[in-house]
Amino acid sequence: MATGSYMTPIYSRSQSEVQGDDHNEINCIIQLLGLNNKISTFEQKGIEFYVGITFQDGDRFNSCQVIYSQFGLAIHQNDHQARRRFVEWAQNEIAVVPDFHKRILCSDEAHFWLNGYVNKQNCLIWSEANPQVYVETPLHPEKLTVWCALWAGGTMGPYFFKNDEGHNVRVNGDRYKAMITIFFIPELNNHDVQELWFQQDGARCHTARATIDLLKDTLGDRLISHFGPVNWPPRSCDLTPLDYFLWGYVKSLVYADKPQTLDHLEDNIRRVIADIRPQMLEKVIEKWTSRSDYIRASRGSHMLEIIFKNVMPQDYL
């Protein structure tokens, strides 16, 4: 395969358009992604799907994005029901306690690349037709993996995932549990937040049994998570203020002085997050309620334009 970056033709399994080496190539990617069983189920139902693949530097696999048709409804049939149940639960709580939505501490992680590349892994496209797009990522980037949480009263973090030698590392189940133990719980105890609820998405590193048990011991029923007392609906980045506000906002500012080292970038991230004012967070959380209204009115559908752009400070001033 030639060196460079390009995309193979969009492959539609239901049409069986790709032949020969390309067909084998794509089957290898499908196996790497663990999609074999799902694809078999989709084919039985006559559902069409597409795989976009980007290669770079010879035969080295660079990135792959699976893009589904029909707004993803046929692929994730239970999403709308789970999303509708969640917003109905939240709105019922708000009817009893009007500021309930201001007591939800939402959390997430993000990557920050030193070269300024903005990772849009959460930017989903819900389309009735194949959108003919792909995602290109750096092959060997220097980056930070950052955890943060926010609620109407402020932010918690950032926390940077590092190993025992102080080197930046990706998050996994053990590292996430260690973060909860040595950082999150002590931070929680330093705040007067006895009525605060904690939300995390369903990433596997978040939902290991030991971590869920630890969070339940700490928060009781005030946990919103997969396997938690209140279920967080999957694929709901349009309901996570870190995705629809924080990461875009922070990334729009931290590269202004062109940091040349990870330490410099880390300092910038700490400064930008520390400078977020409570008035801005109030407006961010009010956006959460309007998004919940939309999802309930549309019976759980995803917001059709969830392509996150850089969020500018004036948007929430």
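The values are calculated or read from the model by the stated rules, or taken from the named source; none is laboratory data. As the structure is a prediction and not an experimental result, all values here were calculated from the model. Using ideal geometry, Cβ is built from the backbone for each residue, glycine included, and neighbour counts are taken over all protein chains shown. Just the protein is used for accessible areas: all its heavy atoms, side chains included, with ligands, DNA and RNA removed. Shrake-Rupley method; radii C 1.70, N 1.55, O 1.52, S 1.80 Å.
Observations
- Hey, residue 221 under 27 Å from residue 92 (Cα atoms), modelled with pLDDT under 90 and not hydroxyl-bearing (Ser, Thr, Tyr) or not: no
- The residues listed here are 216, 143, 162; of these, the one that is touching a strand residue (DSSP E or B) at 6+ places or on another chain (Cβ under 7 Å), among the basic types (Lys, Arg) and open to solvent by less than 50 Å² (accessible area, probe 1.4 Å) is 143.
- Residue list for segment 219-243, filter: farther than 17 Å from residue 103 by Cα and open to solvent by less than 10 Å² (accessible area, probe 1.4 Å): 233, 236, 238
- Residue 126 at pLDDT 95 or above, open to solvent by less than 40 Å² (accessible area, probe 1.4 Å) and of a type outside the set (Ser, Thr, Tyr): no
- Checking each residue of segment 263-271 against the condition of being among the basic types (Lys, Arg) and either at pLDDT below 95 or touching a helix residue (DSSP H, G or I) at 6+ places or on another chain (Cβ under 8 Å) (or both) gives no match.
- Evaluation of residue 195 against the conditions (1) assigned to a helix (DSSP H, G or I); (2) over 20 Å from the mean Cα position of the chain (by Cα) shows that the sole unmet condition is (1).
- Criterion (of a type in the set (Lys, Arg) and without any contact (Cβ under 8 Å) to a residue 40 or more places away in the chain) met by exactly one of 291, 299, 271: 271
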